[in-house]
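For reference, the structure I am asking about is given below.
The values are calculated or read from the model by the stated rules, or taken from the named source; none is laboratory data. The structure presented is a predicted model; accordingly, all values stated were derived computationally and were not measured. Cβ: placed from backbone, ideal geometry, glycine included. Neighbour counts: every protein chain shown. SASA here: full protein model, heavy atoms, side chains in, ligands and nucleic acids out. Shrake-Rupley method; radii C 1.70, N 1.55, O 1.52, S 1.80 Å.
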Amino acid sequence: NQDSELALLMREMDVDAQKMKESILAGKIPPDFREKFAKIHTAIPTDTTTKNEAFAAIAANFLQSLDKIYTAPDQIQAFNLMVNDCLNCHKMHCPGPIVRIKKLSIVK
């Protein structure tokens with residue numbers, strides 16, 4: 001079995017989110033991955049039943065949270081909201097990476 005487009009994208013998103021976290025902690029504007037992360041809507045999952053209305057709604061919330069990282073006065077809070085959106089989706093669809101996702105949160 002090869003990894004699906006969505007699984008590969010999620011792995012890249014994890015690496016990219018870590019880069020964002022490091023930038024935020026350094027007081028810098030994080031790299032802009034919005035265009036890349038928007039592929040969450042079109043990437044083909046391993047299990048096609050995963051992409052349902054709930055997935056679409058959570059993905060849309062995730063992308064809105066991602067936008068806020070670049071506009072909100074508190075980047076840490078905005079970043080943590082994005083991470084929470086990831087957790088909410090993975091609790092419903094694919095719990096495997098939850099521990100790794102939790103480590104992305106920034107503790108003030």
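Scan ALA72, ALA78 and give me the residue that is farther than 14 Å from ILE40 by Cβ, at pLDDT below 95 and in contact with a helix residue (DSSP H, G or I) (Cβ under 6 Å, 6 or more places away or on another chain).
Only one candidate qualifies: ALA72.
Additional query: Looking only at helices (runs of 4 or more DSSP H) that fall completely inside the range 40-108, which ones have 1 or more residues that are surrounded by 12 or more Cβ atoms within 10 Å (Cβ to Cβ) and among the polar types (S, T, N, Q)?
Filter on the range 40-108 gives 53-69, 75-93.
Please specify each residue of the range 14-35 satisfying the condition of being in a helix (DSSP H, G or I) and either touching a Leu at 6+ places or on another chain (Cβ under 8 Å) or touching a residue at least 60 places away in the same chain (Cβ under 8 Å) (or both).
Result: ASP14, ALA17, GLN18, LYS21, ILE24, LEU25, ARG34.
Consider GLN18 against the criteria (1) open to solvent by 50 Å² or more (accessible area, probe 1.4 Å); (2) farther than 23 Å from GLN2 by Cα; (3) over 14 Å from the mean Cα position of the chain (by Cα): it satisfies all of them except one. Which criterion is unmet?
(3)
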